[in-house]
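Working notes, beginning with the structure itself.
Just so you know, all these numbers are worked out from the coordinates, no wet-lab data involved. Since this is a predicted model, take the numbers as computed values, not measurements. Note that we place each Cβ from the backbone using ideal geometry, even for glycine, and neighbour counts take in every protein chain shown.
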There are 2 protein chains.
Amino acid sequence: MSPRRAVVLSSGGLDSTTAMAMARSEGFEIYSLTFNYGQRHDCELYAARKVAASLGAALHVTVKIDSSIFQGSALTNDIPVPKEGVKPGIPVTYVPARNLLFLSYAVAWAESIGARDIFIGVNAIDYSGYPDCRPEFIESMRRTSELATKCGVEGDPIRIHAPLSGMTKSEIIRKGVQLGVDYSMTHSCYDPDPTGRSCGVCDSCRLRLRGFEDAGLKDPVSYM
Amino acid sequence: MSPRRAVVLSSGGLDSTTAMAMARSEGFEIYSLTFNYGQRHDCELYAARKVAASLGAALHVTVKIDSSIFQGSALTNDIPVPKEGVKPGIPVTYVPARNLLFLSYAVAWAESIGARDIFIGVNAIDYSGYPDCRPEFIESMRRTSELATKCGVEGDPIRIHAPLSGMTKSEIIRKGVQLGVDYSMTHSCYDPDPTGRSCGVCDSCRLRLRGFEDAGLKDPVSYM
């Protein structure tokens, strides 16, 4: 019997890479899906490709999304990335409906290739406060995709796995290390320099660095 | 006060054109959104552009979707379009999660441009049996988009209008005629000839022709 396929949303970051390693450890054949949506930290696209190769993905696809769709975000527009530390509320790095769109692509692709499992590395504990990372969004998305698809209507719906949802950043890192993930190839920074070095002070860097510290490990990526 | 903006999903067909005319008649400023997803009937892209201009849209955008995402459909792959008449069940012209993906784009764009209304011309009476045209899908999508977005979380959610949902095809046509829609610029056929003439026998043509007949009107488009 051939292995079951899973579409894994990959940003080349710490969380999605760990989610991909977890999908692989469950025996899935990995179909890695990355989005080029005009993000300023587009070096993550290269990280995602390296990660997919490293974790033995059967296929890695980078989908181009017309970036004019997304406006008002520090990740896609000429708005400074906050560097003062993680604050309550939804930050200006929020990209409108990003995970809704990413998961919709994943559902379309999954149904097309006969996959019934999608993995997404959202995390609702050590996270940036984005609404589309919360468990209630993921559950609603699962239900909507069941209603939207032929396979869902015919009783063979797509499952959306968010295995990191209840984990702290340090637990995620420990899990990844245990599964053999090489975090040196991942990229998390929202505002890297032209050589790809991380800033160390954006929300994403802060959450990552604190996670490594809490895990008692050294973050292997380069910082400015 | 400037008019409220609405994103209108437009395929250049009869239904979405009528939905756009209805949005306009309610006083919305129209942001027309069309998708090039590798459909064999890509002459609908030109129809959508004409419709947007004719109905005075403020902006008309055609978003390109990587067509490799969609597999197994007669609209995007080398599979014959059925011509034997509308049958029960989901036909082979079903495109995986198409309206899920289209509405996700619409939600992202709407939030980006400050629109809080989306119009989609889905119809669940004289329709092709696609799961993502049913009211329960639309309602679930509305709820998911509320959970996914900053504006939704902050109490200013996006509304998804499906004004044709309970109308027969002939009622839709009568409504459009009453609103001044020129249906000669619309395109519905799944399998037109190279000059854009409709086949007259695919499901979409059959539903359209029966609608005009029931409305006591002549369909102004050309048939082979």
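Across all directions, the average projected area of the convex hull around the alpha carbons of the protein assembly as shown is 21.9 nm². Within the shell defined by Cβ-Cβ distances under 15 Å, the residues around B:Asn77 carry a net charge of -2, with Lys and Arg each +1 and Asp and Glu each -1. Magnitude of the charge dipole for the range B:5-215, about its Cα centre and with charges confined to Cβ atoms of Lys, Arg (+1) and Asp, Glu (-1), is about 160 debye. The region of chain A that goes longest without hitting one of the GluC sites (Glu not before Pro) in a DSSP loop, each with at most 14 other Cβ atoms within 10 Å, is A:155-224.
The distance linking the range A:79-115 with the range A:190-208 is 18 Å (Cα centroid to Cα centroid, whole angstrom). Ellipticity at 222 nm from helices only: DSSP H runs of n ≥ 4 in the protein assembly as shown, each -39500 (n - 2.57), divided by the residue count, give -11000 deg cm²/dmol. Note on B:Gln178 and B:Ser67: the extension gain reaches 36.3 nm, defined as 0.36 nm multiplied by sequence separation minus the Cα-Cα distance.
Can you sort B:Asp78, A:Asp182 by how many other beta carbons sit within 10 Å, fewest first?
Details: B:Asp78 6, A:Asp182 14.
Ascending number of Cβ neighbours within 10 Å: B:Asp78, A:Asp182.
Greater than 22 Å separation of Cα atoms is the criterion. Which listed pairs, A:Lys150/B:Lys175; A:Lys50/B:Lys64; A:Lys87/B:Lys150; B:Lys87/B:Lys218; B:Lys83/B:Lys175, meet it? Going by Cα-Cα distance, A:Lys150/B:Lys175; A:Lys50/B:Lys64; B:Lys87/B:Lys218; B:Lys83/B:Lys175 fall outside the 22 Å limit.
Taking a spot 7 Å from the Cα of B:Asp156 along the direction of its beta carbon, which residues of the range B:94-111 have an amide N less than 15 Å from it? Inside the label zone: B:110-111.
Note that the range B:208-224 has calculated 3J(HN,Hα) couplings of 5, 5, 5, x, 5, 4, 5, 7, x, 10, 9, 5, x, 7, 8, 10, 5 Hz, one per residue in order, obtained from phi through the Karplus relation 6.51 cos²θ - 1.76 cosθ + 1.60 (θ = phi - 60°); glycine and proline are x. Restricting the calculation to Cα atoms, the range B:5-215 shows an Rg/Rh of 0.94 when the hydrodynamic-style radius is the Kirkwood one. Between rounded, prolate and oblate, where does the range B:65-183 land on the alpha carbon gyration tensor, with a ≥ b ≥ c its root eigenvalues, rounded for a/c under 1.5, else prolate if a/b exceeds b/c? Oblate, since a/c reaches 1.5 and b/c is not below a/b.
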